[in-house]
Amino acid sequence: MSRSAVLLIVRVWLVAALMIGASGVLGRLPVPPPAIAIGLTILVLLVIRVSRSARDGAWALGPSALVVFHLTRIAAGAYFLLLHSRGVLPGEFAIPAGWGDIAVGVAAIGVLALCLPVRTRAQRVGLIVWNTAGLIDILGVLGNGARIFASDPAFGVPFTALPLALLPTFVVPLVIVSHVLLFRWSAAGSLRGKLR
């Protein structure tokens, strides 16, 4: 699978997520938003694992494209903070999620400027440190969201309509998958190998 094919699939996925979010169907599903995000993440990782074509396509994206996607976290984090200021999201979720996403997104700019393409050990370490911090942050956000939802199901309501519906159906799965792929790139040493 080529890079252009993967990008087309991602665009189709985005359109589908937009349509689902606009339809209101997420609000009628018995599956909570955190579970949707986890399920889609597992599905994509399984497809990459079992399909050589999917692995080749994911590898063809290259690390820069995977890091660039994390710039979306700046907007998501800022929006969390805005919704908290309007009383839509609780502070126990919005404040750590908002500032965490903003920090990871801003740091992604530094990674793009200073660490890619990887030519030195220091650049490789920089990429791994950022990737680890970014993955810990998104898993923390997801875990915190699931915890809050378990005690207050109404917390999930804003995530069933646009624009927040894009998080469980598109953004969060791709963020986690991109972190996993970046670890595979890092494990390849020169970042020029192939996923196996």
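Checked against the criterion of being in contact with a Pro (Cβ under 9 Å, 6 or more places away or on another chain), under 17 Å from L182 (Cβ atoms), surrounded by fewer than 21 Cβ atoms within 10 Å (Cβ to Cβ) and touching a residue at least 24 places away in the same chain (Cβ under 8 Å), the candidates T72, T41 yield just one match: T41. Restricting attention to segment 122-140 and to residues that are among the polar types (S, T, N, Q) and surrounded by fewer than 21 Cβ atoms within 10 Å (Cβ to Cβ), the residue that is nearest to V171 (Cα to Cα) turns out to be T132.
The set of residues in segment 79-105 that are part of a helix (DSSP H, G or I), loosely packed, with under 15 Cβ neighbours inside 10 Å and either under 16 Å from the mean Cα position of the chain (by Cα) or of a type outside the set (A, V, I, L, M, F, W, C) (or both) comprises S85, G91, E92.
Looking at W59, is it over 17 Å from F183 (Cβ atoms), in contact (Cβ under 8 Å) with a residue 12 or more places away in the chain and either basic (K, R) or surrounded by 13 or more Cβ atoms within 10 Å (Cβ to Cβ) (or both)? So W59 fails the test. For segment 22-34, the tally of residues that are without any contact (Cβ under 8 Å) to a residue 40 or more places away in the chain, part of a helix (DSSP H, G or I) and of a type in the set (A, V, I, L, M, F, W, C) stands at 1.
Here, each number is a calculation from the coordinates, and none is a lab measurement. Computed from a predicted structure; not experimentally measured. Heads up, the Cβs are rebuilt from the backbone with ideal geometry, glycines too, and the neighbour counts pull from every protein chain shown.
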